[in-house]
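Here's the structure, in structure tokens; my notes come after.
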Amino acid sequence: MQQPQLRVVLAGDVDHGKSTLIGRLLYETGALPESRVQEIYAASERRGDIVEWSYALDALQSERDQAVTIDTTRVWLRTPTREIVLIDAPGHEQFLRNLATGGSDADLALMVIDAALGASAQTRRQLLLLDMLGIRSCIVAVNKMDAIEYDAERFHAVRTEITDALEQLGIEVVQIIPIAARLGANLAQSSPQLSWFQGPTLLDALIQYHAQDTAIPQARLYVQGSLRRDDKRMVLGQITSGTFHVGDRVTIAPTRERLRIAQISAWPQMSLSQADAPHSVEVLFEGNAYVDRGDLVTDADHPVLIGRNVRVRLAWFGQEAPQLHASYSLRIGTRTTSARITAIERSIDPLTFTNGENEAITGDIVEVRIQTGMPIAMDSGSNARNLNRIRLDAGTQGIAAGVILEMLPDGTSAKNIFPTRGAIPLAAREERVGHRGVVLWMTGLPSSGKSTIADRAAKALFARGRNVYVLDGDTVRGGLCSDLDFSAKGRAENLRRVSEVAKLFADAGFITLVAFISPYRRDRDAARGTIGDRFFEVYVNADLATCESRDPKGLYARARRGDLPGFTGVDDLYEIPLTPSMVIDTMHRDIDAAAVEFVEFIEQISRPNL
């Protein structure tokens, strides 16, 4: 009888043999065509190597040159009774983040350990990450037994070491199997050199594995968007767990709105009476329901916890250590929101799984408290770990991945604050005006042309019937931020307030053009975190000489005389955007032509998704 598909993420330190194991297992099961086998033999001979089965996976020449896997690889292994998806996640430290990606949907971990070296600090760090990703079971392959002459005593020592580590984390030890992946020993066939081992081969252990958790997962669906079909507003999303039925009562997080499912369909417009994980579906709700991207649909009998303050455990990948009160962008499911660290509680020593220094360093597993800009949902049911996975970004760079441990009570100042979408949901506003609410964050040196282009674009968009508004530095400084100085702290607070205002405009369905110098990447990244996926960074490019030659307000001249200390471009730096959504060149382009191009870009990104 065919068993359910099994997704297995391979983990282990660099050079412990994960890719070799996969390549040889493919060979042992007849999954490699003869032509590919001959290529492997030829490639190994050219390099003067013994047969290197990892070449079966190395799609990039640079991987062979460096003898290291630099990306996550998925391989489908089909047996008569089960399809097994093997996910090869890199083991060296700088690519640990790929393990978070590779293991995000795995059912089981396969940890590969060099018999001679045992469990390293990196191995233990990966175990912590697997635990955080909600992987509750692990098969351990103690590899390279041929290199230690199939020493049973050494195997038992490694088995004891890794068993202790897994049990400390509460991860089930399914099997610990001695293998020699390069030679195929104990992969698909038992090896006479390992006759002292009475357990199954690795392939048999994978085929026979069944999850111990028999709890029925609660029904959950993350909303990815919506569309109009035959005058009906269909909500699109993937069911992450459980089963939804037509007629079910559901709750929407974070609004806590109660709705009933009127229709479920799957592509191409196939009507269903029910659908379960991991299917992607279209759902129609009864009544005039507006459910937006990032919302979580849950079965009404098993609601989730909702709040803005959480305690999380993170694997930190960022080049800079986590900073107290620093702003980031947090992703959970399809929701993106701003987030700031309110407390750094502890780091975890990967060697002992005990508390490390309170001041975390890059590469640590850390526990911190986070406050989010908008409410998020935390699951407390049987599938909690699957739903509580989060990611932190600094700008466009992922810096941490982990899991929510608990929802914390709001502080005193927040207890009487209950954020809502208001009587008119964003989707309804966008449907009325015919475009999305977006924020175009225009950055560049003083006199680069930001406000001029913003004003011309706004006039053109308004003439086309678009809801559009311009926020520029002088206007905001004259009112909303008139109490702030021009120190680094004052400038950062100025941009924080502008970010929040721009977000409100976007939520109201406006195309918002923000024309600010905003010279520092960290401040622009913080704005991106506040506004989310409606934020588009636009670099108005003109060099210092060009801008100073314009100087319509005489600011450069004053700065050169020393009247304006800290003036950007003169005695303070400007950090050019690394990955802007658009670059407007005002050194070589006519301003009117640049404005026209800008308008067309705005029209493209603000097209409705209804």
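Some points to look at:
- Compared with the dominant principal axis of the Cα atoms in the chain, helix 488-507 is inclined by about 90°.
- Summed residue charge, Cβ within 14 Å of ALA488's Cβ, Lys/Arg positive, Asp/Glu negative: -1
- All lysines inside 18 Å of LYS18 as judged from Cα atoms, apart from same-chain residues fewer than 8 positions distant: LYS144
- Cα lying deepest toward the dipole's positive end in the range 426-605, options LEU504, SER549, LEU578, charges on Cβ: LEU504
- Using only side-chain charges placed at the Cβ, +1 for Lys and Arg and -1 for Asp and Glu, the dipole size of the range 426-605 relative to its Cα centre rounds to 320 debye.
- Within straight-line cross-link reach of LYS450, aspartates and glutamates at Cα separation under 15 Å, skipping those fewer than 8 residues along the same chain: ASP472, ASP474, GLU537, ASP543, GLU548, ASP551, ASP585, ASP590, ASP592, GLU597
- Extension gain for THR396 to ALA147 (0.36 nm times residue separation, less C-alpha to C-alpha distance): 85.3 nm.
- Helix 450-463 and the longest principal axis of the Cα set of the chain meet at an angle near 90°.
- Extension gain, ASP533 back to HIS279 (0.36 nm per residue minus Cα-Cα distance, nm): 89.0 nm
- In degrees, nearest ten, helix 152-169 long axis to first principal axis of the chain (Cα): 40
The numbers here are math on the coordinates, done by the rules we state, and not lab data. These numbers come from a predicted model, not from an experiment. Backbone-built Cβ (ideal geometry, glycine too); neighbour counts: all protein chains shown.
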